[in-house]
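Undergrad: Below is a structure I'd like to ask you about.
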């Protein structure tokens, strides 16, 4: 085994402070395969942030969504302990786009509101996560209304001219949820003619028990008909153990990288995530249901395989990136309902074939002080849906197949487009940039007469674009003004799905129009070796925003007793007038003597939409105007971190806080995940430490929630962990 120490450690550390995620982590002692740049990363002219590998290792997140909690403008909701969804500027789920190594993770079954799919990316395989805040449809297409979350995987280690074999073991145990898990991986690389061949692969596992909180979060108004505590989650008699939590997880992955030359590489990769027995916490049990009632994701699998070529071939293909990918998403849900002696089983599969190509020109010197860069690309993804459901009468042991599943079996969805964007640098520190995209979306679903499901045959050709200007009046100060127009086409979940959601049972609307978002943002950035400051203000106007509209039981579709028996019922509809989101975001980084680093974030988002529908049960005294808050918009919130590092020892503290959110949408009042009438604020402090006891052995510890605070992120089904520890060991 060959050890090759990185040179110029101080320079790397300084760069890491200024631009985390673009540099390699402080304690990385091996080189990785040289990439053809990160030109596939999110646009740096826009509001964005990066989570580096070193930050992930320091914070010890429980999941990929959990790794985003310290990013400005990002707020992470959890519908279950084994799920998580990031809000960016007040939007989440199908209104934000997820990427893995540049490949689209979103598919046509992503639902309105929070979903679990970023949780299916193993945080232990991630090298960095980039977050674009604000619309991103010009480069990425449908869904990027609120922003883009782009995860990049760990690459193989290599050494110049030598064979390298590097095994690694990571283990972790926690007390709040009795987690025991780990990952075993290895790097193998060696020289080949005019290049190198590297491989990194591993397997991981976790067994996670029921989550213990710092106590039950209380309703802000205990005199409501609901009582002192929210109806979700259900608690064990000890008052700290949350029922409907816990899960099991297996992961496996392999990444083979052939470096053909200094400017060309070929990557063959596969990633597999298998999660078992995840209770949907707000449905396990639902409010007023018997204790044995539970909706469980028995299987939540995601498989991804792809082949990517990256190379710098000519002045107009610099670099060129081409990827062909295959993804398979598999869900098996079981609903146990002892009140009617029924178990309902649903199995949904999505197979996605994807292709993307992008290229960038070399910088063109138009005039002595005028430089032009431009980028262009094409992408297309096609989904094939398989969906079925059955109902078993437990007292008779008889099973009957239902006429349809959650989706319409045999549905297809094709989405893609072409785009071009560029930048023009002119004298006096001014840069102009902009782009345009032509997209196409085709949704097809068969009719199903027994359930009254209509045929879907929809297509759209949206045109989107962005423009902006950046001015650097001083070498450390940059001012930016951006305008963006993005879209989200109605997907198969909107058009065909029947499902249980947090606010109630939701059924399809085959006549939805695409959502469109126009965003204006203004930013000021101060970048210095010792100090970094970012301030952003934004305004987003949503056209034809998709909202949940309450319905009566008489409006339920055929053959859906779950709809008739639901506490509340909803259908998605386009808003009749503009909806809007506006807010501010701030970030501060500070390096001070004696090895200290400070970092803080703050964000506030305000959202409003036209009133559509009426209030349901338990909302006495609430008066609605013609315009009402948008659903689940996060409150004022922020973070602070201080890190002290000396040689092989690191000590840090992190603060997460949020104020009360009592601006609720109509559907929020029916959502048992949200306390009546609003989610209380909180402040939680974690202490972390790590110590390298040997060149190849590192121990870590986290004391989380040292105040044992009872808290909940707005819109979550799960209360946060109580006081507890995390212990980790890394052998490399």
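The values are calculated or read from the model by the stated rules, or taken from the named source; none is laboratory data. All values derive from a computational prediction rather than experimental measurement. Neighbour counts run over all protein chains shown; Cβ positions are idealised from the backbone, glycine included.
Undergrad: Take the residues in the range 246-264 that are at pLDDT below 95 and part of a strand (DSSP E or B), then tell me which one is farthest from residue 196 (Cα to Cα).
TA: Restricting to residues being at pLDDT below 95 and part of a strand (DSSP E or B), the top hit is 264.
Undergrad: Any residue that is surrounded by 16 or more Cβ atoms within 10 Å (Cβ to Cβ), over 25 Å from the mean Cα position of the chain (by Cα), in a strand (DSSP E or B) and in contact (Cβ under 8 Å) with a residue 24 or more places away in the chain - is there at least one of those in the range 357-371?
TA: Looking through the range 357-371, at least one residue is surrounded by 16 or more Cβ atoms within 10 Å (Cβ to Cβ), over 25 Å from the mean Cα position of the chain (by Cα), in a strand (DSSP E or B) and in contact (Cβ under 8 Å) with a residue 24 or more places away in the chain.
Undergrad: If you don't mind, another one. Taking residue 45 and the conditions (1) in contact (Cβ under 8 Å) with a residue 40 or more places away in the chain; (2) touching a helix residue (DSSP H, G or I) at 6+ places or on another chain (Cβ under 8 Å); (3) surrounded by fewer than 22 Cβ atoms within 10 Å (Cβ to Cβ), which numbered condition does it fall short on, given that it satisfies the others?
TA: Status for residue 45: all satisfied but (2).
Undergrad: Given (1) out of contact with any helix residue (DSSP H, G or I) (no Cβ under 8 Å at 6 or more places or on another chain); (2) surrounded by 15 or more Cβ atoms within 10 Å (Cβ to Cβ); (3) more than 30 Å from residue 601 (Cα to Cα), identify the lone condition not met by residue 555.
TA: In the conditions (1) out of contact with any helix residue (DSSP H, G or I) (no Cβ under 8 Å at 6 or more places or on another chain); (2) surrounded by 15 or more Cβ atoms within 10 Å (Cβ to Cβ); (3) more than 30 Å from residue 601 (Cα to Cα), residue 555 misses (2) alone.
Undergrad: Ok, one more. Only residues in the range 560-586 that are free of Cβ contacts under 8 Å to residues at least 40 places away in the same chain count as the first member; pair them with residues that are in a strand (DSSP E or B) and surrounded by fewer than 17 Cβ atoms within 10 Å (Cβ to Cβ), Cβ under 6 angstrom, at least 6 apart or cross-chain, and list the lot.
TA: 575/610; 576/610; 577/610; 578/541
Undergrad: I've got another one for you. Would you list the strands (runs of 3 or more DSSP E) that sit entirely within the range 488-571 and hold 1 or more residues that are more than 30 Å from residue 467 (Cα to Cα) and in contact with a strand residue (DSSP E or B) (Cβ under 7 Å, 6 or more places away or on another chain)?
TA: Qualifying strands (runs of 3 or more DSSP E): 505-507, 546-551.
Undergrad: If we keep just the residues of the range 299-317 that are crowded, with 20+ Cβ neighbours inside 10 Å and farther than 21 Å from residue 108 by Cβ, which is nearest to the chain's Cα centre (by Cα)?
TA: By that ranking, first place goes to 308.
Undergrad: Which one of the conditions (1) under 20 Å from the mean Cα position of the chain (by Cα); (2) modelled with pLDDT under 95 does residue 289 fail to meet, given that it meets all the rest?
TA: With respect to (1) under 20 Å from the mean Cα position of the chain (by Cα); (2) modelled with pLDDT under 95, residue 289 is out only on (1).
Undergrad: Is it true that some residue in the range 429-442 is modelled with pLDDT under 95, touching a strand residue (DSSP E or B) at 6+ places or on another chain (Cβ under 8 Å) and either more than 30 Å from residue 101 (Cβ to Cβ) or surrounded by fewer than 19 Cβ atoms within 10 Å (Cβ to Cβ) (or both)?
TA: Looking for residues that are modelled with pLDDT under 95, touching a strand residue (DSSP E or B) at 6+ places or on another chain (Cβ under 8 Å) and either more than 30 Å from residue 101 (Cβ to Cβ) or surrounded by fewer than 19 Cβ atoms within 10 Å (Cβ to Cβ) (or both), one finds at least one in the range 429-442, hence yes.
Undergrad: Follow-up. Just need a number here: residues in the range 171-196 that are within 27 Å of residue 250 (Cα to Cα), surrounded by 20 or more Cβ atoms within 10 Å (Cβ to Cβ) and more than 24 Å from the chain's Cα centre (by Cα).
TA: Total satisfying the criteria: 3.
Undergrad: Within the range 671-692, can you find the residues that are over 25 Å from the mean Cα position of the chain (by Cα) and touching a residue at least 60 places away in the same chain (Cβ under 8 Å)?
TA: 676, 677, 690, 692
Undergrad: Provide a single number: the residues in the range 466-497 that are surrounded by fewer than 18 Cβ atoms within 10 Å (Cβ to Cβ) and in contact (Cβ under 8 Å) with a residue 12 or more places away in the chain.
TA: Within the range 466-497, the first condition is being surrounded by fewer than 18 Cβ atoms within 10 Å (Cβ to Cβ), and the residues that meet it are 467, 469, 471-477, 479, 481, 483.
Restricting the remaining residues to those that are in contact (Cβ under 8 Å) with a residue 12 or more places away in the chain gives 467, 469, 471-473, 476-477, 479, 481, 483.
Number of matching residues: 10.
Undergrad: Only one of 281, 296 is crowded, with 18+ Cβ neighbours inside 10 Å, free of Cβ contacts under 8 Å to residues at least 60 places away in the same chain and over 25 Å from residue 99 (Cα atoms); which?
TA: Going through 281, 296 in turn, the sole match is 296.
Undergrad: With the condition kept exactly as written, say whether any residue in the range 146-166 is touching a strand residue (DSSP E or B) at 6+ places or on another chain (Cβ under 7 Å), in a loop (DSSP other than H, G, I, E, B) and closer than 26 Å to residue 489 by Cα.
TA: yes
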